[in-house]
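Scroll down for the structure; my scribbles are underneath it.
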Amino acid sequence: MSTHWGYKCEDCGVSSEHYLNHGEATLRQVYSLGSVLSDARDKCSMLDIHVMGTAHYDVDPIEFLAMHKGHNIVLENEYGDIAKATE
Ligand SMILES: [Zn+2]
């Protein structure tokens, strides 16, 4: 059974796309990096930084986290199940 995961901001009540099938570990790694990825993306135009498999989304995981910086973020799957964004 496929289970696609994304983020949910509990402060805003907003969910991201459900980006990655069984992607909890990847999304936790991206979350653990904080704003490093979005900062690198902003500061160096020669870098093309994407989480594998998510480049085609209008708001990718890095952008979603940047939009909700400092908010309470959890993982959410396509069935509405919630998991911690940290291990
Ligand atoms: Zn938020």
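Values computed for the structure shown
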item: Any chance Leu37 is surrounded by 14 or more Cβ atoms within 10 Å (Cβ to Cβ), without any contact (Cβ under 8 Å) to a residue 60 or more places away in the chain and under 20 Å from Ala83 (Cβ atoms); result: no
item: Within region 6-21, tally of residues that are touching a His at 6+ places or on another chain (Cβ under 6 Å), in a strand (DSSP E or B) and more than 10 Å from the ligand (Cβ to nearest atom); result: 2
item: Failed item in (1) surrounded by fewer than 18 Cβ atoms within 10 Å (Cβ to Cβ); (2) among the polar types (S, T, N, Q); (3) modelled with pLDDT of 95 or more, with Asn77 passing the rest; result: (1)
item: Residue in region 16-30 that is loosely packed, with under 12 Cβ neighbours inside 10 Å, among the charged types (D, E, K, R) and at pLDDT 95 or above present; result: no
item: Hey, Glu63 touching a residue at least 24 places away in the same chain (Cβ under 8 Å), among the acidic types (Asp, Glu), assigned to a helix (DSSP H, G or I) and within 16 Å of the ligand (Cβ to nearest atom) or not; result: yes
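The values are calculated or read from the model by the stated rules, or taken from the named source; none is laboratory data. None of these values were measured; they are calculated from a predicted model. Cβ atoms come from the backbone with ideal geometry, glycine included; neighbour counts cover every protein chain shown.
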